[in-house]
Structure formats: structure tokens, C-alpha cells
Amino acid sequence: MSILQELNDILVCSGTLIDGEPIINLPPKTIELKKVDFSKEERDFYCRLEAESRAQFAQRKRKMVSSAFGEDETGSRQTRLTVEDLKYLFRVD
């Protein structure tokens, strides 16, 4: 199975069935957005957390891509992207 096929299976998961029935019946997903006002300290904390998370993600993404398409510590130059790498890059759980 190709990496793209595996990624597609992850993105378009149809669920697991036993005897033709779903293992669990979940209610429809609902999303409720609410506006919340943070104090200055709370806003600063979350802005800092977001900036640090974005920087960390960008660094890991650069390292993963350079490892996959560049030369590693051993001098090898083969492509090594895995399904786990693709899940991380595209934020798929």
C-alpha cells in the first residue's frame, strides 16, 4: 500500500464494523463557538504559548523534511518519509 493510500485511509476512515454494525454509535458532532475575554496576563500567556508552539512545529517540520529529502548524519541521501511523518506534517490524528 502506498503512503498516499494509507494517508487517504486515515483521512477517510469509515469506522470499524462488527457483524455489519458499528462498534459504537456516536451522536452527531456539534461545535459551539464562544467568545471569551482574557485578562492581559492570560492573553499574554496564550500568545506566548502559541508563538512557542508554532516555532517548535516549524523547527520539527524543517528537520523532518531535510531528513526525508536531504543528507542525514550517516551521509545517506534516500527519501524516508513515513506515514507517521505525513500525519504529523498534516496534523492528522
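From the list Lys29, Lys40, Lys34, Lys61, the lone residue that is of a type outside the set (A, V, I, L, M, F, W, C) and touching a Leu at 6+ places or on another chain (Cβ under 9 Å) is Lys61.
Results for (1) modelled with pLDDT under 80; (2) part of a loop (DSSP other than H, G, I, E, B), shown as yes or no for each residue.
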site	(1), (2)
Gly15	yes, yes
Asp37	no, yes
Glu50	no, no
Ser53	no, no
Arg60	no, no
Ala68	yes, no
Thr74	yes, yes
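Would you check which residues across region 46-65 are open to solvent by less than 100 Å² (accessible area, probe 1.4 Å) and of a type outside the set (Gly, Ala, Ser) and list them? Listed by number, the residues that qualify are Cys47, Leu49, Glu50, Phe57, Lys61, Met64, Val65.
The values are calculated or read from the model by the stated rules, or taken from the named source; none is laboratory data. Just so you know, these numbers come straight off a predicted model, no measurement behind them. Using ideal geometry, Cβ is built from the backbone for each residue, glycine included, and neighbour counts are taken over all protein chains shown. Heads up: the accessible areas ignore ligands, DNA and RNA and are worked out on the full protein's heavy atoms, side chains in. Shrake-Rupley method; radii C 1.70, N 1.55, O 1.52, S 1.80 Å.
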